[in-house]
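Structure, as structure tokens:
The values are calculated or read from the model by the stated rules, or taken from the named source; none is laboratory data. Because the structure is predicted, anything quoted here is derived from the model rather than measured. When we count neighbours, we look across all protein chains shown, and the Cβ atoms used for this are built from the backbone with ideal geometry, even at glycine.
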Amino acid sequence: MGRYFLIMALVAGMLTGCGALGGSKPDSGSSGQVEQTTITVAVLTTVETAPLQLAVRNGYFRDQGLDVKVAVAASGQATVTGMINGEYDVGYSSYPPIIAAQAKKAADLRLVADNSFAAPNTAVVVKPAQSPLSSIKDLAGKTVAVTARGTLSDLMVKSTFATNGGDPNTLKWVEMPFGDMTAALQRGQVDAAMMVEPFATFAHRTTGATVIADLATGPLKDLPFTAYAATAKFVADHPKTIAAFQKAMRRAASEAADRSKIEPLLPEYAKVDKETAAQTNLPGFRSALDAGRVQSVADLMTRFGVLPGPFDVRPMVLS
């Protein structure tokens with residue numbers, strides 16, 4: 001999820017080639033019908049971009065008459081800014097930056113495809129190997145590392161802590177990239193860290209850090225993590241282009257349910273070693289948007305003060 005899903009050090013080198021995992025037959029009738037054949041899609045170097053990487057490599061966008069150029073952005077907020085100024089046609093982000101931009105009238109955005117959602121052990125609270133902490137209930141008064149405040153990073157910790165009887169106001173926060181958290185735990189800079197994959201697996205493999213709470217449970221089970229969005233103007237001016245993008249992503253999201261299609265890609269675009277890739281817990285993938293599911297993220301943002309009041313996401317959701 002902002003900077004929530006920022007992977008290790010943001011690097012260029014994203015995959016833009018096709019056919020490495022096998023080609024596919026062209027979808028007759030798609031080519032030549034879109035309003036804009038070449039589109040730039042902003043991403044972060046995350047596990048969650050697996051369906052898009054699969055679609056690029058296997059030619060699913062090409063089958064729909066699209067030439068997708070993948071650009072690496074610094075954060076979810078950066079993708080939103082890039083869409084506003086026309087640098088990106090479509091942008092990947094966790095949900096909060098997209099919803100916040102719309103709610104605060106900083107941009108007029110449309111969600112064009114869902115992407116990933118919470119699956120067991122894909123968003124966790126981790127403690128150092130020698131820490132006496134045993135559960136999330138022990139975090140009262142402790143310092144927790146998160147990528148940024150007002151993102152799914154701290155919102156999921158607050159929600160789970162409150163569900164277990166804790167007062168989120170007692171938690172202390174330190175912001176840092178996921179890639180810095182393992183070292184911060186070892187140095188004692190923080191008591192715990194909210195991590196996503198593959199960072200949690202890497203921290204455990206390299207330092208013995210252990211999970212004290214799986215945040216993708218209870219009220220947060222299946223919580224939408226990330227999505228693709230575009231400006232309302234781009235969507236209105238390029239309906240066939242967006243429809244082609246959606247069709248390719250539906251196909252890729254369906255295939256992404258097969259771990260054997262995704263794991264071989266992780267060392268390249270998520271920048272992890274093969275051993276970590278083999279142990280990484282993958283999120284759930286889907287491309288079909290559901291306003292009710294998206295609303296749960298907005299409600300979480302309202303509950304913990306990221307939004308000043310209730311916000312209806314339905315006008316944002318493109319069917």
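Given A229, A243, which one is in the same structural domain as E87 (by TED's automatic domain parsing), over 19 Å from the mean Cα position of the chain (by Cα) and either under 30 Å from Q102 (Cα atoms) or surrounded by fewer than 16 Cβ atoms within 10 Å (Cβ to Cβ) (or both)?
A243
Of the numbered conditions (1) modelled with pLDDT of 95 or more; (2) in the same structural domain as A78 (by TED's automatic domain parsing); (3) not β-branched (V, I, T), S131 satisfies every one except a single condition; which is it?
Only one criterion is unmet by S131, namely (2).
Considering E35, E87, which residue is over 20 Å from D114 (Cβ atoms), modelled with pLDDT of 95 or more and either surrounded by 21 or more Cβ atoms within 10 Å (Cβ to Cβ) or in contact with a helix residue (DSSP H, G or I) (Cβ under 6 Å, 6 or more places away or on another chain) (or both)?
Going through E35, E87 in turn, the sole match is E35.
Do we have any residue at all in region 207-214 that's more than 27 Å from A101 (Cα to Cα), of a type in the set (S, T, Y) and outside any strand (DSSP E or B)?
Within region 207-214, one or more residues are more than 27 Å from A101 (Cα to Cα), of a type in the set (S, T, Y) and outside any strand (DSSP E or B).
Pull up region 269-283, narrow it to residues that are small (G, A, S) and surrounded by 18 or more Cβ atoms within 10 Å (Cβ to Cβ), then point me to the one that is nearest to A203 (Cα to Cα).
Step one: of region 269-283, the residues small (G, A, S) are 270, 277-278.
Those still in the list that are surrounded by 18 or more Cβ atoms within 10 Å (Cβ to Cβ) too: 270, 277.
Values: A270: 15, A277: 13 Å.
The qualifying residue nearest to A203 (Cα to Cα) is A277.
For S254, only one of the following conditions fails: (1) touching a Pro at 6+ places or on another chain (Cβ under 7 Å); (2) assigned by TED's automatic domain parsing to the domain that holds A42. What is its number?
(1)
Looking at L111, L52, can you tell me which residue is part of a helix (DSSP H, G or I) and either closer than 19 Å to H238 by Cα or in the same structural domain as K233 (by TED's automatic domain parsing) (or both)?
L52
Go through region 247-268 residue by residue and tally those that are farther than 18 Å from T226 by Cα and crowded, with 20+ Cβ neighbours inside 10 Å.
Total meeting the criteria: 1.
Residues in region 290-309 that are farther than 17 Å from S159 by Cβ and not small (G, A, S): how many?
2
Cβ contacts < 6 Å: first residue assigned to a loop (DSSP other than H, G, I, E, B), restricted to region 57-74; second residue basic (K, R) and at pLDDT 95 or above, any location; separation 6+ or different chain. Result?
Q64/K247
Looking at S153 and the list (1) small (G, A, S); (2) part of a loop (DSSP other than H, G, I, E, B); (3) within 25 Å of R286 (Cβ to Cβ), which single condition is not satisfied?
For S153, the exception is condition (2).
Out of region 90-110, which residues are crowded, with 24+ Cβ neighbours inside 10 Å and either under 25 Å from L215 (Cβ atoms) or among the acidic types (D, E) (or both)?
Scanning region 90-110 gives G91, Y92, S93, S94, Y95, P96, P97, I98, I99.
Of everything in region 215-243, what is polar (S, T, N, Q) and either in contact with a Gly (Cβ under 6 Å, 6 or more places away or on another chain) or not in a loop (DSSP other than H, G, I, E, B) (or both)? Give them in sequence order.
Across region 215-243, the qualifying residues are T226, T231, T241.
For region 165-176, check the following and say yes or no: at least one residue is in a helix (DSSP H, G or I), modelled with pLDDT under 95 and not assigned by TED's automatic domain parsing to the domain that holds E268.
Within region 165-176, none of the residues are in a helix (DSSP H, G or I), modelled with pLDDT under 95 and not assigned by TED's automatic domain parsing to the domain that holds E268.
Looking at region 127-141, which of its residues are crowded, with 17+ Cβ neighbours inside 10 Å and under 16 Å from S159 (Cα atoms)?
I136, D138, L139
Residues V297, V306: which one is at pLDDT 95 or above, assigned by TED's automatic domain parsing to the domain that holds V47 and touching a Pro at 6+ places or on another chain (Cβ under 6 Å)?
Details: V306 fails: touching a Pro at 6+ places or on another chain (Cβ under 6 Å).
Every option except V297 fails the conditions.
Taking into account only those residues within region 54-80 that are basic (K, R) and under 21 Å from Q33 (Cα atoms), which is nearest to the chain's Cα centre (by Cα)?
Here is the first cut: in region 54-80, the ones basic (K, R) are 57, 62, 69.
Within this subset, residues satisfying the condition of being under 21 Å from Q33 (Cα atoms) are 62, 69.
Details: R62: 24, K69: 19 Å.
Checked region 54-80; the qualifying residue nearest to the chain's Cα centre (by Cα) is K69.
Between residues in region 158-172 that are more than 13 Å from K137 (Cβ to Cβ) and residues that are among the aliphatic types (A, V, I, L, M) and modelled with pLDDT of 95 or more, which pairs lie under 8 Å by C-beta distance while being six or more apart or on different chains?
Hits for this filter: K158/L171; S159/L215; S159/L220; S159/L300; K172/V144.
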